[in-house]
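A short worksheet on the structure shown next.
Derivation of every value follows stated rules applied to the coordinates shown; laboratory data play no part. Not measured: the values here are computed from a predicted model. Note that we place each Cβ from the backbone using ideal geometry, even for glycine, and neighbour counts take in every protein chain shown.
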Amino acid sequence: MPFKFNPITNKLDLVENGAVPTPEQDFVTDAGTATSVSQVINVVGGTGISTTGVGDTVTINSTASAPAMVLLHTITFNNTASSYDITPYVTGYSTYKFIGSAVETPTGFNPDISIQFSTDGGTTWITSGYKTQFFYFTGAGSSGSNATTNRITGIYVNGTATYINQGDFIMTGYGSSSGAIIQGTCATSFSTDYVPQILGGYYFGATLNGIRIINGPGTNYISGKFSIYGIAT
Amino acid sequence: MPLTFTTDSGTATSLTNSINLLGGTGVTTSGSGDTVTITSTATPPPTPSSVLLHTITFNNTAFIYDLTPYVTGYNTYKFITSAAENISPLAQHSISLQFSSDGGTTWITTGYSTLFFYAGGGGFNQFSPGTSMIPLCVLNGTVNNLCSSENLLTGYGGNKGATVNGSWIVGNSSSGISTQMGGGDLFGNPLTLNGLRLNNPQSTNFIAGKFSIYGITT
């Protein structure tokens, strides 16, 4: 039996042996309330979350993995420009993907969707020294060409009709001291033919920190989209 | 009596009525009044740029698959054929696409421009498999073939037709490996396509493998 000292009588008083209350605690969450049982509460990780407990500390960690491909920016062409500085969007990765989707190029002589680099953040643009190559085939035959040295051609349209184009390209090396290389496939479509191509190019031996899309003949892109993705490596 | 917190890995026990609730990787915590808020630090929450919309698992039951219900919500799509197998009693089997302009009630069987370039078997050349459908992966020879391909579809749902372009590789026991690149288009001005199906022009079932459809955010 427990006793308690009584300062008035200077004696020990008998204290009745009652049940010791167990104060359970409520944990209010976004959806529902959890109540501890026997002084224990479970803190369990759900989707994308794990938990650990040591000493008097519970740590909550995210287990979500970073996406392998992230959309950085999309240009929607609307017949207002023939070049677009994409330097602000091409950052944070060592590898990038470019996708041109249903790009309508202007009628006129041989429009293209090409890339130029800069070594001064886009103040000036490099207009010589590119090494490029493309291989195309049509119903009339196939051929290869080192098309240009003043830009890297991503989609090359050979004609003056209304073309709808697509392209899928990888760029590596941009931001390093070795230059950059672009490689991919594309297709141009018009009323009487479909022309698939493999093409790309590089600019060697410089730290490139500016990049733009440019149409060689200088006419505006009519419609369609050009998207820039960062690739985790 | 201290309160015990049982976690995924280990337990923590409060001391003097206090427990530390800390954010780890990708998580922060804050407390105010009687409320603890747990927040993800991913800013902004990453939007997937490529989303799997549907996968067909071939099992020798069909040679036509209507993809229309799955090819929606995007303006750019990617198709990946993974180790697709065909039995080829006839040459020039292919995994091909056909479009519809009435939601799949009827299918367009003429007017496609198609072309692919191949290298393998000691040579290279270009070839058009006809105007009735667009090839995604062309299987060669009269023995079983395995094929893997990656193709991009753009323009579908717009008003000027659609283009499919990509590359693939096929292999079989008789002629070895062939690497190929190409596709086709159905061009029109205006032409709005709103139905899409897989088809094997030789009308024999796809035996095995997978065909996946991805929406690409642009």
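Miscellaneous remarks
- The lysines within cross-link reach of A:LYS225, meaning a Cα-to-Cα straight distance under 25 Å and a gap of 8 or more places when in the same chain, are A:LYS97, B:LYS78, B:LYS160.
- Cβ crowding within 10 Å ranks A:GLU24, B:GLU85 as A:GLU24, B:GLU85, fewest other Cβ atoms first.
- Convex hull of chain A built on C-alpha atoms - directionally averaged projected area, nm²: 24.4
- Counting beta carbons within 10 Å around each of A:LEU12, B:LEU53 and listing the fewest first gives the order A:LEU12, B:LEU53.
- A DSSP coil position with no more than 11 other Cβ atoms inside 10 Å describes none of the chymotrypsin sites (Phe, Trp or Tyr not before Pro) in the range B:115-171.
- Placing +1 on each Lys and Arg Cβ and -1 on each Asp and Glu Cβ, with no other charges, gives the protein assembly as shown a dipole about its Cα centre of roughly 900 debye.
- A simple rule links phi to the HN-Hα coupling: the Karplus curve 6.51 cos²θ - 1.76 cosθ + 1.60 with θ = phi - 60°, which for the range A:51-67 gives 10, 9, x, 9, x, 10, 10, 9, 10, 10, 10, 8, 9, 5, 7, 5, x Hz, with x for Gly and Pro.
- Student exercise, chain B dipole from Lys, Arg, Asp, Glu Cβ charges, in Debye to nearest 20: 280
- Farthest towards the positive end of the charge dipole of chain A, among the residues A:THR47, A:THR57, A:PHE226, is the Cα of A:PHE226, using unit charges on the Cβ of Lys, Arg, Asp and Glu.
- Selection from B:GLY184, B:ILE64, B:ALA83, by position along the positive dipole direction of the protein assembly as shown (Cβ): B:GLY184
- When only the Cβ of Lys, Arg, Asp and Glu is charged (+1, +1, -1, -1), the dipole of chain A relative to its Cα centre reaches about 640 debye.
- Partner aspartates and glutamates for A:LYS131 [C-alpha distance under 18 Å; skip if fewer than 8 residues away on the same chain]: A:ASP112
- Relative to the 2.2 N^0.38 Å rule of thumb, the protein assembly as shown has a C-alpha radius of gyration ratio of 1.38.
- Each of A:ILE152, B:ILE64 was scored by other Cβ atoms within 10 Å of its Cβ. Listed from fewest to most, they are B:ILE64, A:ILE152.
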